Amino acid sequence: MSMQHHVLIIDDEPDIRELLDLTLSRMGLEVTTAEDLGAARRALAGGSFSFCLTDMRLPDGNGLDLVREVAEHHPELPIAVITAYGKIEDAVLALKIGAFDFVSK
């Protein structure tokens, strides 16, 4: 029996969350969305995910904080950072602290 992959999307923009949810759902993935770090932490505590995609700028902090937490507490969970404000330094830092990719919106 194949396990359905479950993706956690963290972005404060409802349009982006909806777009990613629709796109990934059509690919056969189960999707959970969160609008901030607090909601993301609750989701991570209560669910099992195959992949995590987080925005950089969130209302209650920085997506890089979540990358650090995932690297420490969920080392098997791949996490990527997506941002509209991509800077090379941020991308390098994200990769150094455990993100496997850094994507510009």
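Reported count of residues in the range 87-105, each being open to solvent by less than 50 Å² (accessible area, probe 1.4 Å) and either part of a loop (DSSP other than H, G, I, E, B) or β-branched (Val, Ile, Thr) (or both), is 3.
Of everything in the range 50-86 that's among the charged types (D, E, K, R) and part of a loop (DSSP other than H, G, I, E, B), which residue is least open to solvent (accessible area, probe 1.4 Å)? Step by step, filter the range 50-86, then rank; the result is 60. Of all residues in the range 28-49, those satisfying the criterion of being more than 13 Å from residue 6 (Cα to Cα) and either part of a helix (DSSP H, G or I) or touching a strand residue (DSSP E or B) at 6+ places or on another chain (Cβ under 7 Å) (or both) are 34, 36, 37, 38, 39, 40, 41, 42, 45. Could you please let me know if residue 25 is open to solvent by 40 Å² or more (accessible area, probe 1.4 Å), outside any helix (DSSP H, G or I) and hydroxyl-bearing (Ser, Thr, Tyr)? For residue 25, the condition - open to solvent by 40 Å² or more (accessible area, probe 1.4 Å), outside any helix (DSSP H, G or I) and hydroxyl-bearing (Ser, Thr, Tyr) - is not met.
Contact map, the range 78-105: residues that are farther than 10 Å from residue 63 by Cβ paired with residues that are basic (Lys, Arg) and not in a helix (DSSP H, G or I), Cβ distance under 6 Å, separation 6+ or inter-chain. Pairs shown: 84/105. Within the range 33-48, track down each residue that is open to solvent by less than 60 Å² (accessible area, probe 1.4 Å) and either touching a helix residue (DSSP H, G or I) at 6+ places or on another chain (Cβ under 8 Å) or among the small types (Gly, Ala, Ser) (or both). Listed by number, the residues that qualify are 33, 34, 37, 38, 39, 40, 43, 44, 47.
The values are calculated or read from the model by the stated rules, or taken from the named source; none is laboratory data. Computed from a predicted structure; not experimentally measured. Neighbour counts are summed over all protein chains in view; Cβ atoms, including those assigned to glycine, are modelled from backbone coordinates with ideal geometry. What goes into the accessible areas is simple: the full protein's heavy atoms, side chains included, and nothing from ligands, DNA or RNA. Shrake-Rupley method; radii C 1.70, N 1.55, O 1.52, S 1.80 Å.
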